[in-house]
Amino acid sequence: MPGPIIDLSLYDDEQALLEGLRRGDPDACTCFVKRFAPFVYARALNLLGDADEAENVLQTTFIKACAALSEFNGTGSLRSWLYRIASNEGLMLLRQKRPQVDLDDVGDINVETTSPQPAQRWSIDPARSVLDDELRQEIAQAIAALPDALRAVIVLRDIEHLSTEETAAQLGISPGAVKVRLHRARLRLRELLARYVEPTEEGHDDTE
């Protein structure tokens, strides 16, 4: 049997929604989940590349968020706060579930001898542009196909827009390793999305 229909406009204002959540209003809780669950799930799926794991992160994110509402001080949006929780949960799951790829180990990359080389700039940046549905789906699939270490870097840098230093802190690696992995991830995405984008003659890839 379908659940009750909740008017999401009841808490259209984020501050009103937050106040309702802190009061323990069941309708506010339902609005909270229905409004933000699709975005949190998409972020977790981008990071993990696995639907079941993304579902687990989605559930854990809302459980932890509801338990920590008193700690949310209103700096930034509820969505960005949920994204941070989901990212932390996803990264933790990657470390626990993917022993074949140690996100803390940079032994696969010799930062001293490997530096990002100039690459052709593409007319469409596949990680940033607002694109049609077909290409957006292809990008999601391409990100999911990346190795865990590369996928984590490109999600944090190009989707969450963290700085190189912030990404390094999240992953427990050096800023140099972040730059190298990001460069590799972008090149791999371009290979996977080659039929959708065309290189231009000028410019080079910037991993700063």
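Which shape class applies to the range 44-87: rounded if a/c is under 1.5, otherwise prolate when a/b exceeds b/c and oblate if not, where a ≥ b ≥ c are the square roots of the Cα gyration tensor eigenvalues?
Values: a/c = 4.19, a/b = 1.86, b/c = 2.25.
The shape class here is oblate.
By accessible area of protein heavy atoms, probe 1.4 Å, what ranking do HIS183, HIS161 get, highest first?
Values: HIS183 20, HIS161 115 Å².
Solvent-accessible surface, decreasing: HIS161, HIS183.
So if we plug the beta-carbon distance of ARG23 and SER77 into 1/(1 + (r/R0)^6) with R0 = 30 Å, what FRET efficiency do we get, rounded to 0.05? Don't skip to the end; give the middle numbers.
Values: r = 20 Å, r/R0 = 0.67.
Approximately 0.90, to the nearest 0.05.
The values are calculated or read from the model by the stated rules, or taken from the named source; none is laboratory data. Treat the numbers as computed from the prediction; the structure is a model and nothing was measured. Please note: Cβ atoms are built from the backbone with ideal geometry, for glycine as well, and neighbour counts cover all protein chains shown. Quick note on the areas: whole protein, heavy atoms, side chains included, nothing else; ligands and nucleic acids left out. Shrake-Rupley method; radii C 1.70, N 1.55, O 1.52, S 1.80 Å.
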